[in-house]
1. When a/c is below 1.5 the answer is rounded, else prolate if a/b is larger than b/c, else oblate, so apply that to the range 312-357 with a ≥ b ≥ c taken from the square roots of the Cα gyration tensor eigenvalues.
2. Put +1 on the Cβ of every Lys and Arg and -1 on every Asp and Glu Cβ in the range 322-382; which of L378, Y334, L350 then has its Cα farthest towards the positive end of the dipole?
3. Please say if the range 133-178 is rounded, prolate or oblate, where rounded means a/c under 1.5 for a ≥ b ≥ c the square roots of the C-alpha gyration tensor eigenvalues, and otherwise the choice is prolate for a/b larger than b/c and oblate otherwise?
4. Report in % the part of the accessible area of the range 310-352 that belongs to carbon and sulfur, leaving out ligands and nucleic acids; probe 1.4 Å.
5. On a straight-distance basis, which aspartates and glutamates could pair with K182 in a cross-link, Cα separation under 12 angstrom, same-chain partners fewer than 8 positions away excluded?
6. Given charges of +1 on the Cβ of Lys and Arg and -1 on the Cβ of Asp and Glu, with all other atoms neutral, how large is the dipole of the range 270-316 about its Cα centre, in debye to the nearest 20?
7. Among all stretches of the chain without exposed GluC sites (Glu not before Pro) (DSSP loop, at most 16 other Cβ atoms within 10 Å), which one is longest?
8. Quote the Stokes-Einstein diffusion coefficient, in whole µm² s⁻¹, for the range 236-302, based on the Kirkwood radius over alpha carbon pairs, a temperature of 25 °C and a viscosity of 0.890 mPa s.
Amino acid sequence: MKKGFVQTTAGIMAFSMIVLAGCSSSGKPSAGSSPTAGNPVKEIPTVEYMLPWDPGQPISSDLPVFVEWGKRTGVKFNVNSPPRDAFKEKMNIVLTANELPDMMKFFQDTATFKDYGPQLFVALDDYLKDGKLPNLEKWLKKYPEIEQVMRHPQDGKLYAFPMVQDFDFATTLWLVRNDLLKKEGLDASQINSIDDLKKAMLALKKQTGDYITSTRLGFDYFAERTQAYFGLNVNNGTNNGVIYDQELKKFVFSPIEYKDRYKQWLDLVRWMYEEKLLHPNFLTMKDQELFAGYASDDFPLMMEQPAMGQLNPTNDLNKDVQPIYPFPIGGKLYSQTKDPHYNIAYRSPLVINKKSKHIDAIIQAMDYTYSDEGVEFLHLGIEGETFTRDPKTPSGYRLDKVQSVWTVGADGKYPDGLKKLTDYGYGSWWLLGVITPMNRFGLGYKEGEEEKASLVQNRIKKLDEMGALRDPDPFLNWSKEEASKIAEITTPLKTYISENLSKFILGQKPMSEWDAYTDGFKKLRYEELVKMYNDKLAAAK
């Protein structure tokens, strides 16, 4: 159910100025300076910054990450952080009231910041041209696809800062507690068909005695993760069932073009639900409940991401977590797309209010997040205070000043008063300009643990070698009018897909109605939608 559009008025945002003595012209403190040393007094701008934050994490303007970041770039941050789940509603409030902060993360998608850009946000182009964003420019040159997805389709300008993903990644890899499978005489490496998977699932249930898997974030996420091995995209995601066929070199509507394996996927998920392998709350389960289930061994099968370690969060040596690599469906192995080198659909992008009095200061502060120093700082904090360097570890660092594998005692406890890295705000990847492999996968490993630190990268490499990964689908940059027409077509399409698939899975609709369901797409203008995609593709070429 969609949340109603909020029409209340936000409070008027205050802008304050503080005066600090002894600042250089760059806004950074000058070594050895003092108010009596003849240095000019420089006003430090207070910048209103709104961004989503995870529940349970400390957040305030006094958080060390904001204080130190401000010191290094010559600003003071006044942070307003609604909970992640309420962030979109807060965005609607400030947009309706026309009281935008100086800088903010924007909607969690790849389009609306372009729609609002010319009216509300600062275009970065002149700053790039004038050499004021040298660090951002370096990443744009390294990954040209970032500009392709972010530039306005009509005026060609860049209205937001991206979050750069500096590594190759894939969305989905199913993981399983192999130690439990082995107790039943099975092994994850032997799962090479749907029948093998069913046998393994029943073996896991025999060990746990109850449901063996679930998901989070609703139907879209569940469908995306479980359809990946079938080479499908029929969930309510970005393309609404439209997928690029690598062999045909065109976009097709997967519920029709791939009708047989679409039904095979549904048969499997429906069977999982009937056999009480899939938790009854799989459509509504929240992160906390799901991860608690993994930690307590309730869910020994995880159809999630290759980087997630929840099946063995305490690194118990008795628990053996192994991947179930993709297997042929109907005699053919299907691939999933690699992730692009940007992440602007979840906690990004970041925009600057065109009416802000502090645009130049924000430009400087944001470019710092793309510099080598800034990337290290936002990931790790301050050398000697939160981390030390160690070339012998896989990451080149030791977190021996905060709670980590280096500071935990033999009893599993930490010294009194020792904080987590996130207690300072460091390592909160939604703040970052660049996400590194170190941050996502290999930061907490000691000397000699290179194999563990590269586990995710090795899994991605294996998927690639199998032919189970392909390049991202061609990106199509829609105009506002085109996007509006797509929304007009896909809104009823989304409803039709989610309502019918949910009923099939839950047993509320018999499979004898499958053909009637797929025939129903003909009335929903899917052919018009596919034509729009292919016409746009031809024009882009």
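1. The shape class here is oblate.
2. Comparing the listed Cα positions along the dipole, Y334 ranks first.
3. Prolate, since a/c reaches 1.5 and a/b exceeds b/c.
4. Carbon plus sulfur share of accessible area: 48 percent.
5. List returned: D320.
6. Here the size comes out at about 160 debye.
7. 276-384
8. Rounded to a whole number, D works out at 168 µm²/s.
The values are calculated or read from the model by the stated rules, or taken from the named source; none is laboratory data. As the structure is a prediction and not an experimental result, all values here were calculated from the model. When we count neighbours, we look across all protein chains shown, and the Cβ atoms used for this are built from the backbone with ideal geometry, even at glycine. Calculation scope for accessible area: heavy atoms of the full protein, side chains included, ligands and nucleic acids excluded. Shrake-Rupley method; radii C 1.70, N 1.55, O 1.52, S 1.80 Å.
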